[in-house]
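Before any comments, here is the structure.
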Amino acid sequence: MPMLGAILTPHPPVLLPEVGRGQEQEIHATDSAMRTAAEQVARWDPDVLIVASSHTIMYGDYFHIAPGRGAVGDMSAFGAPQVRIQVQYDVPLRDEIVSRAQAAGLRAGTLGQRDPALDHGVLIPLYFLRKAGVECPIVRMGLSGFSPLEHYRLGRCVAEAAEALGRRAVFVASGDLSHKLKENGPYGLAPEGPVFDEAVTKAMASGDFLQFLTMEPSLCERAAECGLRSFQMMAGALDDLAVEPRLLSHEGTFGVGYAVALFPVTGKDENRRFAAACEQAQRARMEARRAREDPWVRLARLSLETYVRTRRKLESLPDDLPQELTGQTAGAFVSLHVSGRLRGCIGTIAPTQVNVAREIMENAVSAGTRDPRFPPVQVGELDELEYSVDVLGEPERVDSPAQLDPKKYGVIVSCGQRRGLLLPDLEGVDTVEQQIDIARQKGGIQAAEPYTLQRFRVVRHL
């Protein structure tokens, strides 16, 4: 078997004694499990490790695979420069993975490296593996904004490349779980945090990798998870292989979920091909979502799909639109998401069209084709897009941040002609201070500059 197995690991810097300085004892179960997993890998004696890390360079529309012949990294960012690891890359295997990924229509390669140093998501599992005597070359892979299925498909390319070159490989999926498990944790508590950890560790214990691919994106977003896409790639590398799943530990001592799991390969199992089931589940979820869309969202979808497919804007309004769309004016924002991740968002603070319907039509096309943070939406993406429409109420001046509420009101921060706007009730924006800072930065307003505040309500359509 080219794939000997896989390990799934967290990467908390505090786990290393050189960093934790005693705090690592509070997550002793994680330390013990990491040693157990590393010792098992040493017994497998692999030719190469495939390491996927959520802290390696990540792009929204590209899988980055580290270039060069090798790299070095240390834990100086965490006060332990003496923890230093150097690795050799398996260049022929990396090139074979890239070739197969590109042939499969995946955007993957060695372009876009910003920092060649090993990140802590790679260093921490390697720390334990080196102590267990594992010294083989590695291939270092980043994640992306692509769908779960595309991460799975890249994992399959890894296994195919290893088989083609005769490599005996182990996949190392590095990633923490939810970052929102405790009120007193660094990121606070969200109800979805413990729910996410329970679901994902259940999948680890049972070996049901389909659960990695079909978790509700909004749950993952609200749980502030870290490693799920690493796990999805790992699942692809173990496609059609029988495994003996072992969940070795799970802890949330510091408010962040740390899980260690081991997946020895025991043979072939054609029933463990999850791509088709993932596609079916995704279609069912999108069909259910579309069935719930109201006229605001259906209009946004129709407008963008018409433009992307024909390169012409929708000219006439659909029949039987509600009077709120045709007889009123308002600013509106259209947001696009894929698998819970932002894909575009453009809007207007005040009305610029004859009615709300026309406002949505214009902004839907702009969100899909003119958001400078993202490439234009392509035809192949249309079926995956999820839309939301925010219709803005009239902004009102406020005298103090005390009059704001990030869940209830959006905010406009102004300094002269510069303005930054942030919608209400956004993931990860939990305080007034965060809301103001993000809106200020969007408007190019420095922290020391004087500014005025306005608040507004929205009606959100999903």
**OP:** Return the percentage of antiparallel bridges among DSSP beta bridges fully within the chain, rounded to the nearest 5 %.
**Re:** 70
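Report, in cubic angstrom per residue, the convex hull volume of the C-alpha atoms of the stretch 1-62.
Numbers: hull volume 7.8 nm³, N = 62.
Roughly 126 Å³ of hull volume per residue.
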**OP:** In whole angstrom, note down how far apart the Cα centers of the stretch 30-90 and the stretch 241-263 are.
**Re:** 18
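Run lengths n ≥ 4 of DSSP H only: what is the helix-derived mean residue ellipticity at 222 nm for the chain, with -39500 (n - 2.57) per run over all residues, to the nearest 500? Please list the in-between numbers first.
Details: 14 runs with 164 residues, N = 462.
Calculated mean residue ellipticity at 222 nm is -11000 deg cm²/dmol.
Any idea of the accessible area per residue across the chain, 1.4 Å probe, to the nearest Å²? Numbers along the way, then the final one.
Numbers: 19980 Å² over 462 residues.
The answer is 43 Å² per residue.
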Original post:
Tell me, what is the Rg over Rh of the stretch 149-228, with Rh the Kirkwood radius over Cα pairs?
Top reply: 1.08
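What number, in percent, do you get for the relative contact order of the stretch 405-462 if the mean sequence gap of Cα pairs under 8 Å and at least 6 apart is divided by its residue count?
44
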Original post:
Give me the log10 of I(q) over I(0) for the stretch 405-461 at q = 0.17, 0.31 Å⁻¹, as the Debye formula computes it from C-alpha points; what are the numbers?
Top reply: -0.47, -1.28
Original post:
Taking Cα centroids, how far is the stretch 139-208 from the stretch 398-429 in Å?
Top reply: 35
Original post:
What is the set of long-range amide H partners of A108 at a cut-off below 5 Å, with H atoms built 1.01 Å from backbone N?
Top reply: F63
Original post:
Which net charge results for the neighbourhood of R283, defined as the other residues with beta-carbon distances under 14 angstrom from its beta-carbon, given Lys and Arg at +1 and Asp and Glu at -1?
Top reply: -2
Original post:
Which listed residue (L314, G236, W44) has the Cα farthest towards the positive end of the charge dipole for the chain, taking +1 on Lys and Arg C-beta and -1 on Asp and Glu C-beta about the Cα centre?
Top reply: L314
Original post:
What is the P(r) of the stretch 356-432, as percent of Cα-Cα pairs per 5 Å bin from 0?
Top reply: 3, 10, 17, 20, 20, 15, 9, 4, 1, 0
Original post:
So how exposed is K407, as accessible area in Å² (1.4 Å probe, rounded to 10)?
Top reply: 100
Subject >> Distance in nm between pseudo-label sites at L426 and L317 (7 Å out along the Cβ direction from Cα) >> reply: 3.0
**OP:** Let me have the relative contact order for the chain, percent, based on Cα pairs under 8 Å that are six or more residues apart.
**Re:** 15
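Using 0.36 nm per residue, how much length does the chain from E244 to E183 gain when fully extended, once their Cα-Cα distance is taken away?
Numbers: separation 61, 0.36 × 61 = 21.96 nm, distance 3.54 nm.
Once the chain is fully extended between E244 and E183, it gains 18.4 nm.
Could you compute the FRET efficiency for T329 and A205, with r as their C-beta to C-beta distance and R0 at 45 Å, rounded to 0.05? If you can, show how the numbers build up before the last one.
Working: r = 55 Å, r/R0 = 1.22.
Using R0 = 45 Å, I get an efficiency of 0.25.
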**OP:** With θ set to phi - 60°, apply the Karplus curve 6.51 cos²θ - 1.76 cosθ + 1.60 along the stretch 413-425 and write out the HN-Hα couplings as whole Hz, x wherever there is a Gly or Pro.
**Re:** 9, 10, 9, x, 8, 8, 9, x, 10, 9, 6, x, 6
Original post:
Amide H to amide H under 5 Å from R168: which residues, 5+ apart in sequence or cross-chain, H placed 1.01 Å off N in plane?
Top reply: D47, V48
Original post:
Per residue and in cubic angstrom, what volume does the convex hull of the Cα atoms of the chain have?
Top reply: 154
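How much length is gained if the chain between L382 and D405 is pulled fully straight, taking 0.36 nm per residue apart and subtracting their Cα-Cα distance, in nm to one decimal?
Numbers: separation 23, 0.36 × 23 = 8.28 nm, distance 3.41 nm.
Full extension from L382 to D405 adds 4.9 nm.
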**OP:** Starting from the Cα of D45, move 7 Å in the Cα-to-Cβ direction to define the label point; list residues of the stretch 113-131 whose amide nitrogen is under 15 Å from there.
**Re:** none
Original post:
Hey, any idea what % of the chain's accessible area is carbon plus sulfur with a 1.4 Å probe?
Top reply: 48
**OP:** Name the long-range amide H neighbours of I138: under 5 Å, sequence gap of 5 or more, or other chain; modelled H, no Pro or chain starts.
**Re:** L49, Q88, Y89, D90
**OP:** Taking 7 Å along the Cα-to-C-beta vector as the label spot, tell me the A288-L302 distance in nanometres, rounded to one decimal.
**Re:** 2.6
Original post:
Along the Cα-to-Cβ line of R107, 7 Å from the Cα, sits a label point; which residues in the stretch 47-83 have backbone N less than 12 Å from it?
Top reply: 59-64
Original post:
Tell me, what HN-Hα J-couplings in whole Hz come from the Karplus equation 6.51 cos²θ - 1.76 cosθ + 1.60 at θ = phi - 60° for each residue of the stretch 427-435, using x for Gly and Pro?
Top reply: 4, x, 10, 10, 10, 4, 4, 4, 4
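The values are calculated or read from the model by the stated rules, or taken from the named source; none is laboratory data. All values derive from a computational prediction rather than experimental measurement. Ideal geometry is used to build each Cβ from the backbone, glycine not excepted, and the neighbour counts take in all protein chains shown. Areas reflect the complete protein model, heavy atoms only, side chains present, ligands, DNA and RNA absent. Shrake-Rupley method; radii C 1.70, N 1.55, O 1.52, S 1.80 Å.
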